[in-house]
Amino acid sequence: APDIPVIDQAYSKLSNSITVEWRAVPGATNYMLTAQDGDSFVETIVKNSPGTVTGLKPATLYRITVRSINSGGKSQPSPFRKVKTVLAAPILSVRSLSCDSIAVSWKAVHMAAGFSVSLMRSDGLGRMLKQNTTNTSLIFTNLDPGALYTIKAYAWNANGMPGDDFTYNQRTSPNAPVDVKVAFNSAALRAVVSWMPTEGALAYSVTVSSGLLKLRCNTSAASCMVPSLQCGSEYYVSVTAYNDAGSSEPTDAVSLKTIPCAPVNISIEEDEPGHLLVSWSSVSLGHYYVVFVKSDDGLEVHCNTSYTQCHFQSDCGFTYFISVFAYNKAGQSPLGDVFNYTTAPCCPSDFRAVFMSSDTVQVTWAPVRGADLYETRAAGGSGVVLCRDTATACTLSALQCSTPYNITVYSFSEARGSNTSCAPQYVATAPCSPEIKNISKEGLSEISVQWQPNNEDATYVVTARGEAGLWHCKSTRNSCTLMDLPCGSAFSVSAIARSPAGQSFPSYSIPLETAPCCPNDLTLTQVTQSVTNISWSVGKGAQTYVTTLESPKGQAKCHTLQTYCLLGCITCGTNYTVSLRAISETGLTSSCTYQGYSSSACCPSGVKLYRLSNNGIRVFWRASDETINYKADLHGSKGNFSCTPSSGLSHCDITKIPCGDVYTVVVAPVTDKGPKLTLFSSFCPKKIYSVTCSGSSVGMVIYRGKSSAEHI
């Protein structure tokens, strides 16, 4: 076995170990160190000196021995040395009370008489702070915020020997960030909060609070985005810096006012036609409002106001899209509800009312914007007449004649209903049809027509219509007279009423027949002394005729369907009045008078011939009237002879009558204009005489059934 080693020195630098130094022993390959505390001991094998025994108890007195070892075995223990382990290091509890202070505390250390604590920035900047104390805690102040400090502490015993030291790195809490800025995104309702980085801060927390609502954003960067902010709210923004030592004080709160919320309780109304009133409730944080009104034709207008209502001009028949925005310094409110408002359709224009009849009017108008349906209303008389249609025309029938109506065309739309501001148009219906009450004859060609007046301010026109043409008369009263109606004509008489409103239906027609026309030409031809033939032209409208020749001596009358008539019993030499009555088929009579007629003068009687000397003949007669002149005519084969008596005589002489001939002798009255009758047209009797030469006799001749019974 090797030799026993000799301990040079033994000492304790750590509370759990003792270091031993000895002189080397030749031949020894290892050494065994033993630390004995009473019955317990700790052994450690080392290669050479020095060697350390670990696992010891602090502040404990140990007996230290060394034994050398080789392949032959172990030597005997060396003489022992008594060595006491140093004090245990205090176990520190360190925390940063604030950004410029660190509090250090520990538990009491066995056998410790005092403690020494030192502090220094870990980066070597600044000076070291050291404090000795018999307490178990102390505080370092006036430190740098957010700086990492190294803290070393140890205890010493009554002899002043220091024990183990304990090292702890502690950072002070950071300072509050500075230069906090808030950038608000009004469109996304979020905010970006930024600040200057703070020394020693490992993280930051942004707090956004509004009342009981708190939003947080944690980051290690120098900015943070806070989403989901609410409109119309005021937030207070603060930033707190953090590290492993704790947090800084929050920064002073920065006010963040978000955009106002979209206005609500929006109402739209037409306070009067053509004016829209848009109103809404005020919103929190709204400084002013802008109302946008866009019509369906693309035109847009807006109103900027700090009040809660705006006025706009509007047109009929348009749809307006209305949105209201609130504004403040943060920006524009979100888009709220977009309202559409359709104004009442326009009132129809180009209104025209045309009467189709006295009780029917056709109303037309131009189509208007926004109208889906039209209602035509005629108010007047005893009620209201309605017509509804989608077309731009309407026919109102069964109107009362001669009645004023207020006709209004209303336009309707499904969105807004009726435009009740449309103005009516005054229209008066045509007059009522008159009713003819009586037709009476005023004269030969004048007819009076009477009717029942049933209109105001109307002019009545009476028309007589027939093959002969049209005849009219007019009046504003209840009768008028048709003048110069042609005779012998049939008419249909009707009446109408006219007014500025129009013309009535014609009344029911009344047939009218005028008296037949008097014949224009009437000719009297005396056929015999007592018979006269009367002929006349046709009298228009006449069916029968009654002719009358009348004198104080009597009357001759004839009723016939023809246009001629033979009247007998005519007295010669008499003046007659000539009249004719034309009678129509219905019994209407026209009394016609003509120029008087004088029948031929009476023929003389007692005509005789007496032979005179020198071959002459005297014709003698008895005059029927001493005032009448006569003429005697003798007609024979050897010549014709005549004679006219001197005034007041009833005979005349004819000289140089050839004898041996038969003569027809007629003595006839002569008119003032001279003889007009010939032998064959004379109504006086004809006598035939034979004139013989001397010595011969005159024979009697029967001629034309008439007899002459005298001879010369």
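The values are calculated or read from the model by the stated rules, or taken from the named source; none is laboratory data. Just so you know, these numbers come straight off a predicted model, no measurement behind them. Here Cβ is always computed from backbone atoms with ideal geometry, including for glycine, and neighbour counts include all displayed protein chains. Ligands, DNA and RNA are excluded from the accessible area calculation, which covers all protein heavy atoms including side chains. Shrake-Rupley method; radii C 1.70, N 1.55, O 1.52, S 1.80 Å.
Numbers at a glance
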| read-out | value |
| --- | --- |
| Residue match in the range 324-342 (condition: within 14 Å of Pro273 (Cβ to Cβ), in contact with a strand residue (DSSP E or B) (Cβ under 9 Å, 6 or more places away or on another chain), of a type outside the set (Val, Ile, Thr) and outside any loop (DSSP other than H, G, I, E, B)) | yes |
| Residue selected from the range 583-597 under the condition among the hydroxyl-bearing types (Ser, Thr, Tyr) and part of a strand (DSSP E or B), by the criterion least open to solvent (accessible area, probe 1.4 Å) | Ser590 |
| Strands (runs of 3 or more DSSP E) wholly inside the range 143-205 that include at least 2 residues being without any contact (Cβ under 8 Å) to a residue 24 or more places away in the chain and closer than 30 Å to Lys329 by Cα | 178-185 |
| Count - residues of the range 501-520 that are under 30 Å from Val538 (Cα atoms) and either of a type in the set (D, E, K, R) or not in a strand (DSSP E or B) (or both) | 9 |
| So Cys518, is it of a type in the set (A, V, I, L, M, F, W, C) and not assigned by the TED database to the domain that holds Cys473 | yes |
| Meets criteria (among the charged types (D, E, K, R), surrounded by 15 or more Cβ atoms within 10 Å (Cβ to Cβ), more than 60 Å from the chain's Cα centre (by Cα) and at pLDDT 90 or above) for Asp633 | yes |
| Pairs where the first residue, in the range 600-621, is in the same structural domain as Lys656 (by the TED database) and open to solvent by 60 Å² or more (accessible area, probe 1.4 Å) and the second is in a strand (DSSP E or B) and charged (D, E, K, R), C-beta under 7 Å, 6+ apart | Tyr610/Arg618; Arg618/Asp653; Phe620/Lys608 |
| Only listed residue being in contact (Cβ under 8 Å) with a residue 60 or more places away in the chain and over 26 Å from Asp164 (Cα atoms), chosen from Gly27, Gly73 | Gly73 |
| Selection within the range 12-39 - farther than 14 Å from Ser75 by Cβ and either open to solvent by 60 Å² or more (accessible area, probe 1.4 Å) or within 60 Å of the chain's Cα centre (by Cα) (or both) | Lys13, Leu14, Asn16, Gln36, Asp39 |
| Per-region count, the range 540-582, residues part of a loop (DSSP other than H, G, I, E, B) and buried (at least 16 other Cβ atoms within 10 Å of the Cβ) | 9 |
| Matching residues, the range 120-142, being closer than 22 Å to Ala241 by Cβ and part of a strand (DSSP E or B) | Arg121, Ile139, Phe140 |
| Meets criteria (under 20 Å from the mean Cα position of the chain (by Cα), open to solvent by 40 Å² or more (accessible area, probe 1.4 Å) and either free of Cβ contacts under 8 Å to residues at least 24 places away in the same chain or closer than 23 Å to Ile496 by Cβ (or both)) for Arg388 | yes |
| Hits in the range 483-500 (condition: farther than 13 Å from Trp451 by Cβ and in a strand (DSSP E or B)) | Ala490, Phe491, Ser492, Arg498, Ser499 |
| Pick from the range 208-252, criterion touching a Phe, Trp or Tyr at 6+ places or on another chain (Cβ under 8 Å) and surrounded by fewer than 17 Cβ atoms within 10 Å (Cβ to Cβ), ranking: farthest from Ile102 (Cα to Cα) | Ser210 |
| Residue pairs meeting the criteria (Cβ under 7 Å; at least 6 apart or on separate chains; first within 26 Å of Ala515 (Cα to Cα) and in contact (Cβ under 8 Å) with a residue 60 or more places away in the chain, in the range 442-469; second part of a loop (DSSP other than H, G, I, E, B) and among the acidic types (Asp, Glu)) | Ser445/Asp484 |
| Tally, over the range 256-269, of residues that are open to solvent by less than 60 Å² (accessible area, probe 1.4 Å) and either assigned to a strand (DSSP E or B) or under 30 Å from Cys422 (Cα atoms) (or both) | 4 |
| Filter result (hydroxyl-bearing (Ser, Thr, Tyr) and either crowded, with 22+ Cβ neighbours inside 10 Å or part of a strand (DSSP E or B) (or both)) within the range 278-298 | Ser279, Tyr288, Tyr289, Ser295 |
| Residues of the range 470-482 satisfying the condition of being part of a strand (DSSP E or B) and either in contact (Cβ under 8 Å) with a residue 24 or more places away in the chain or among the hydrophobic types (A, V, I, L, M, F, W, C) (or both) | Leu470, Trp471, Cys473, Ser479, Cys480, Thr481, Leu482 |
| Meets criteria (farther than 19 Å from Gly573 by Cα, open to solvent by less than 80 Å² (accessible area, probe 1.4 Å), in contact (Cβ under 8 Å) with a residue 40 or more places away in the chain and not assigned by the TED database to the domain that holds Gln529) for Asp625 | no |
| Residue tally, condition closer than 30 Å to Val237 by Cα and in contact with a Gly (Cβ under 8 Å, 6 or more places away or on another chain), over the range 153-186 | 7 |
| From the options Ser613, Ser642, residue that is at pLDDT below 90, over 15 Å from Ser690 (Cβ atoms) and not hydrophobic (A, V, I, L, M, F, W, C) | Ser613 |
| Members of the range 521-539 that are in contact with a Phe, Trp or Tyr (Cβ under 8 Å, 6 or more places away or on another chain), assigned to a loop (DSSP other than H, G, I, E, B) and surrounded by 14 or more Cβ atoms within 10 Å (Cβ to Cβ) | Gln529, Gly539 |
| Every residue from the range 1-24 that is within 13 Å of Arg67 (Cβ to Cβ) and free of Cβ contacts under 8 Å to residues at least 60 places away in the same chain | Trp22 |
